[in-house]
Each structure stands twice: as C-alpha cells, then as structure tokens.
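Single-structure report; data block below.
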Amino acid sequence: MRSRLGQWFSGAASASTGLTPVTQRPDAQEYRRVAELGLFTPNSLPGVNRVSAKEAQLLQTQGAMVVDTRTEKEYKARRIRGAVFAAYVEKSLKDVAFDPAQDDFQALDKVAQVDKAKPVIFACNGAECWKSYKAAKVATAKGFKAVYWLRGGLPEWDAAGLPTEGG
C-alpha cells in the first residue's frame, strides 16, 4: 500500500496501482483570493507601497526608518537591525475594515526620530500579523508621505539572510 501511495503522490501512478494519477494545477489564480481570507493580510494596501525585504533594506540604507510594530518582548528578543520600536496594540478585528479607534498606536507619536516627510517602513511577524498592515494604514491617515509595508516582516527578512539584532 505504501508503495502504491508513493507512486500516486510522485505522479508515477499507472494502471497497475489502481489509482488515478494526481494532477497539479500550476495556475491556481482562482484560489488566491480564498487563500487571503481568514487571518492573512491582503497582498496590497491602497496608498501604501508594499516592499520586499531586500527593497526594505535598500530603503533603510537610503534613510528610511524601519518601525517594528510587534510587542516589546518580541522586539527585544530579535528584530531587524536598526528598527525602532513602536508597538501597535490591536484590539480591532484582523480585517481590512478594522476600526483604528479600537486600537492604540500612540507609540508612533513617541518615537523621536519619526518625520512624516521621510520614508517609514512598517514590519511585524509576516503575512499573518496585522500590526504592520494596520500601522501603515494609520500612518497614512496621520499624514505620513512615504509609507512602506514589509508584509513578510521579520520572517521574510530572515529568509533573505539580512541582518538582525537583539536577544
């Protein structure tokens, strides 16, 4: 039975196994929207530039500030090198229609280096974490001119082999 299943999953199934071959759909475009439902952040945020980890690092070397919106414990344990801490305390739904009035992002106002005219990159724990999404949206509403969102957050930064600190 294991051998037959192995052949089936490897695509080498034949009439002798008695199983129909597994077929893959390389173009799963119709499933992309469904995959975004639930707790994952959307792929884009209107009015905000989504960046990859490598693009964020380049922007950082050009003077952009990386803002870590995770908890203080997470920030102290490990963070993007040079990131400043500004926790986004969320109580609203993890949804594009969240109510920012339910959340607390006063920490951004307390970061001395923040300049609304300069580029700011918001990051957290990846596509499942809504804090950077919400922070970017709130910052745009507060009048920040160049807002970037690192959707992949620290996990994407790590995967790209970029420098971290803390811990």
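Whether a residue is modelled with pLDDT of 60 or more, open to solvent by less than 70 Å² (accessible area, probe 1.4 Å) and farther than 15 Å from N125 by Cβ was assessed, and L59 passes this test. Cβ-Cβ distances below 6 Å connect the following pairs, each with a first residue in region 79-101 that is within 28 Å of G166 (Cβ to Cβ), a second residue that is in a strand (DSSP E or B) and hydrophobic (A, V, I, L, M, F, W, C), and a separation of six or more residues or different chains: I80/V66; A83/V66; V84/V67; A86/V67. Only residues that are among the hydroxyl-bearing types (S, T, Y), in a helix (DSSP H, G or I) and either touching a residue at least 12 places away in the same chain (Cβ under 8 Å) or touching a His at 6+ places or on another chain (Cβ under 8 Å) (or both) were counted across region 35-76, and they come to 1. What is the one condition in (1) under 20 Å from the mean Cα position of the chain (by Cα); (2) in a helix (DSSP H, G or I) that F98 does not satisfy? Result: F98 fails condition (2) only.
Here L93, L154 are screened, and the one residue that is open to solvent by less than 60 Å² (accessible area, probe 1.4 Å) and either within 22 Å of F40 (Cα to Cα) or of a type in the set (S, T, N, Q) (or both) is L154. Assessment of region 38-48 against the conditions (surrounded by 15 or more Cβ atoms within 10 Å (Cβ to Cβ), among the aliphatic types (A, V, I, L, M) and modelled with pLDDT of 65 or more) yields at least one matching residue.
Would you confirm, using the coordinates I've provided, whether A123 is over 14 Å from V66 (Cβ atoms) and small (G, A, S)? No. For region 101-115, taking the residues that are out of contact with any Leu (no Cβ under 7 Å at 6 or more places or on another chain) and part of a loop (DSSP other than H, G, I, E, B), the one that is surrounded by the most Cβ atoms within 10 Å (Cβ to Cβ) is identified as F105. Yes or no: region 158-165 includes at least one residue that is over 19 Å from Q60 (Cβ atoms) and small (G, A, S). Within region 158-165, none of the residues are over 19 Å from Q60 (Cβ atoms) and small (G, A, S). Among the residues of region 116-141, write down those that are surrounded by 13 or more Cβ atoms within 10 Å (Cβ to Cβ) and either of a type in the set (S, T, N, Q) or assigned to a loop (DSSP other than H, G, I, E, B) (or both). Hits for region 116-141 are K118, P119, C124, N125, G126, A127, E128, C129, W130, S132, T140.
Figure legend. Inter-residue proximity from region 114-130: first residues among the aromatic types (F, W, Y), second residues assigned to a loop (DSSP other than H, G, I, E, B) and open to solvent by 10 Å² or more (accessible area, probe 1.4 Å), beta-carbon distance below 7 Å, spacing 6+ or different chains. Indicated pairs: W130/E90; W130/K94.
Quick check, is V89 more than 14 Å from the chain's Cα centre (by Cα) and modelled with pLDDT of 95 or more? Considered against the rule, which asks whether it is more than 14 Å from the chain's Cα centre (by Cα) and modelled with pLDDT of 95 or more, V89 comes out as yes. Residues that are of a type in the set (D, E, K, R) and farther than 14 Å from V111 by Cβ were ranked within region 62-78; the one that is most open to solvent (accessible area, probe 1.4 Å) is K73. When E156 is tested against the conditions (1) over 12 Å from the mean Cα position of the chain (by Cα); (2) acidic (D, E); (3) in a helix (DSSP H, G or I), the lone failure is (1).
The values are calculated or read from the model by the stated rules, or taken from the named source; none is laboratory data. Keep in mind the model is a prediction, meaning the values are calculated, not measured. In this analysis, Cβ positions are derived from the backbone assuming ideal geometry, glycine residues included, and neighbour counts consider all displayed protein chains. Keep in mind that these areas ignore ligands, DNA and RNA; they rest on the heavy atoms of the full protein, side chains included. Shrake-Rupley method; radii C 1.70, N 1.55, O 1.52, S 1.80 Å.
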